[in-house]
1. Semi-axes of the stretch 250-314's equivalent ellipsoid from the Cα gyration tensor, sqrt of 5 times each eigenvalue, largest first, rounded to whole Å?
2. Using the crude model of +1 on Lys and Arg Cβ and -1 on Asp and Glu Cβ, and no other charge, please compute the dipole size for the chain relative to its Cα centre, in debye to 20.
3. I'd like the orientation of helix 69-78 relative to the chain: the angle between its Cα long axis and the longest Cα principal axis, in ° from 0 to 90, rounded to 10.
4. So which of 26/366; 12/215; 17/311; 246/366; 91/366 end up more than 25 Å apart by C-alpha?
5. Return the FRET efficiency for the residue pair residue 222, residue 201: r is the Cβ-Cβ distance, R0 is 22 Å, and the value is rounded to the nearest 0.05.
6. Karplus couplings for the stretch 242-248 from phi (6.51 cos²θ - 1.76 cosθ + 1.60, θ = phi - 60°), rounded to Hz, Gly and Pro as x?
7. Test of understanding: express the Cα radius of gyration of the stretch 289-411 as a ratio to 2.2 N^0.38 Å, with N the residue count.
8. If one takes the longest principal axis of the Cα atoms in the chain, at what angle in degrees, from 0 to 90 and to the nearest 10, does the Cα axis of helix 256-267 lie?
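The values are calculated or read from the model by the stated rules, or taken from the named source; none is laboratory data. Note that the coordinates shown come from a computational prediction; the quantities given were computed from them, not determined experimentally. As a convention, Cβ positions derive from the backbone with ideal geometry for all residues, glycine included, and neighbour counts pool all protein chains shown. Quick note on the areas: whole protein, heavy atoms, side chains included, nothing else; ligands and nucleic acids left out. Shrake-Rupley method; radii C 1.70, N 1.55, O 1.52, S 1.80 Å.
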Amino acid sequence: MDLVVEGNLYLKGEIIKGCVGIEDGKIKAVKKILKGDEKLDFGEKLIMPAGVDAHVHFRDPGFTYKEDFSTGSMSAAFGGISCVLDMPNTKPKVNTANVFKEKLGIAKGKSYVDFGLYADGNSDEIENLGKICTGFKIYSYEMDDNLLEKKLNEIEKTGKTVAVHGEDKNFFREMKTSNLSDYLHSRPNEAEEKMIQKIVSMNKKNVHICHISAKESINILKNNGVTSEVTPHHLLLNIDSDLGPKGKVNPPLRTEKDNEALWDALRNGTIDIVASDHAPHTLEEKQEFDDASPGVPGVETTLPIMMYFTKNEKISLSRVVNAVCEKPSEIFGLNKGKIKEGSDADLIVFDLKNEKKISANMLHSKCGWTPFENFHGVFPVCTIIRGEIVVENNEIMVNPGFGKFAGEKYA
Ligand code: NCD
Ligand code: ZN
């Protein structure tokens, strides 16, 4: 073995003292005792698969004053995320193969973590994009029903997963908004419920519904062949949170009742995964409510916050590992998120006793703020990607460009 990593391994729902043997960046063996050229002994610390964040906006190219692929991916690495899937609403929009290839070049040159890239599903080049992209993104509120169904049909033929933002603009209310409660009124629960119903009734393969936020949406998700996602902000924040314009996000923050229904659905597996919808904007863009840009950052805090909630048993460790690591990899065909032979050797190490109060100044996003100020988190002490230490002792150990495109479906 090139490298052996030893400690308390999370393996199929159990924590077992053991070794992970790594060769050429892949997990070669998982055994009680292994010999290697190099050994990392983490003692009693917990070793689990690194997270995959299936929903980030790293703003590169086009809006790099908010974030760029190096700051976004550094933030991911410190949060225990070994692979991010970046959304196509960069500038220019990723709706042609040429734009896709340009963006791929930028990300390859700058990323600290592995990455996949979405293509915009509202495109005339779906067949070509389907050969190179990791997945498609559909903004359902941009399209009428005919166009939506037509694009979902074209995407289904490519075999790639399509992530859908499910809100029906016919249920939006045109109004001036000056607080979170107004904003919720302008984009009510019904808008999400009705769009998800519509999409589910179209019966397409490979549909993944982004950021479920309304309690009414949950019943529609049961046994219907789509996968779904929830964000930490929709689990933990609501219209009573003291965030003002910073808390403006799409879909909107809702009520405590919605929070609790989402936690239940995540715990019982009705909602499959947790993703951040990391959508950084500058503080300048988050001043006056009605003009504020919607979106909150989160790629670095998602897994630390979820790990904190395993300590007070709000959610089990096995649900967190499944929702943040295993399942996102499965949905998007990545060879990540599992401690098993043949998988990419992406591991993170936790000292669960070492919890921190989150504050913006400890995070690495360019935007410089977090909606989770003063929440608790357990951050990884080490992030390993393809057998290389990427973060250790709060320091980044690789150069930008270490991250590789992970978009190919693995056999
Ligand atoms: C996203 C962003 O800022 O890119 N904002 C958000 O509120 N989620 C845009 C989007 O995906 O709707
Ligand atoms: Zn988004």
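1. 26, 15, 10
2. 800 debye
3. Value to nearest ten degrees: 60.
4. 26/366; 12/215
5. 0.95
6. Here the 3J(HN,Hα) series is 8, 10, x, x, 4, x, 6 Hz.
7. So the stretch 289-411 has a normalised radius of gyration of 1.16.
8. 40 degrees
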